[in-house]
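Written below as structure tokens is the structure these notes are about.
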Amino acid sequence: MDGMKNTLKEEKEWYDNPNLITTMLIGVIILSILLSQSFAIRNHLDTATIFRSILNHNSLYLFALVYFIFLKTKVGRRYFHFLNIFVSIFFCLITVASMFTIFQSFGLSSLVSLALNIVMTIYFIYVFIRDTVIGTELKITSAPMDEVNNNQYFYAICALIVVALIVDLIGASTFDGIVIALLDSVYYGLFARYIFLYKEYQDRKKVIAQASATKNKQDDEEKSKNDSLKTRKRKSEEDKIDG
């Protein structure tokens, strides 16, 4: 029984620990970049093809790697909201690029990839931008995407990841393609979990702030009530002395 409790505790700590999630993301990103380039070199691809691979496939990973490494530093935590704005812009660019990909190679894989990028972009903006000055100016809190809650976003992305993985595995003709597809799925899953945990943190912070404000209001009302009772009691005693 104790072993089962410890196992459950470890599982809970794993998927509810933002620091561990970001560390795993950094590891997955580095592994994906190294493997994709080693596969390209092993397949004797020319320099121009390898360079295009870095720009197309690995640009997302390279940008995300810089982002998560910055989050591990004091500078990154200080300028956290500015980093999120750049990530939002980058996500939008990736989504636009996915739209153009459909015209180049229309298929189920490109459609699922586009859907995944759109939902990830909306989810990231919904969580990280909505409470900032930019989010207030854009009135994100009153936008249709705010009607979907955190769990629904997360599970929708998980479903799209599974579909994308199945499609990629069916279409993969080499071991290299299978490995890259698996790493892509792990990356998106961990990234979605990172966004989910931050939204949970925001919600908990709001609940605590509301509870604190309610308690302070109750304390003020109680203090006002006590002061009023003391005032009436003092006035009553003064009336008795005058009488």
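The values are calculated or read from the model by the stated rules, or taken from the named source; none is laboratory data. Values in this document were obtained by computation on a predicted structure and should not be read as measured data. Note: ideal-geometry Cβ built from the backbone for every residue, glycine included; neighbour counts use all protein chains shown.
Of the residues in the stretch 98-107, not one is modelled with pLDDT of 90 or more, of a type in the set (Phe, Trp, Tyr) and part of a helix (DSSP H, G or I).
In the stretch 102-124, the residues that are under 26 Å from ILE85 (Cα atoms) reach residues that are among the aromatic types (Phe, Trp, Tyr) and assigned to a helix (DSSP H, G or I) with C-beta atoms within less than 6 angstrom, at least six apart or across chains, in these pairs: THR121/PHE91; TYR123/TYR153; PHE124/PHE91. Given the criteria free of Cβ contacts under 8 Å to residues at least 24 places away in the same chain and either over 20 Å from VAL186 (Cα atoms) or loosely packed, with under 12 Cβ neighbours inside 10 Å (or both), does VAL127 qualify? Answer is no for this residue. Only residues that are within 18 Å of the chain's Cα centre (by Cα), assigned to a helix (DSSP H, G or I) and either among the polar types (S, T, N, Q) or over 25 Å from GLU137 (Cβ atoms) (or both) were counted across the stretch 72-97, and they come to 3. For the stretch 130-166, name all the residues that are part of a helix (DSSP H, G or I), modelled with pLDDT under 90 and among the aliphatic types (A, V, I, L, M). If the condition is that a residue be part of a helix (DSSP H, G or I), modelled with pLDDT under 90 and among the aliphatic types (A, V, I, L, M), then VAL133, ILE134, LEU138, ILE140, MET145 are the ones that fit.
State whether one or more residues within the stretch 177-197 are at pLDDT below 90 and outside any helix (DSSP H, G or I). Checking the stretch 177-197: not a single residue is at pLDDT below 90 and outside any helix (DSSP H, G or I).
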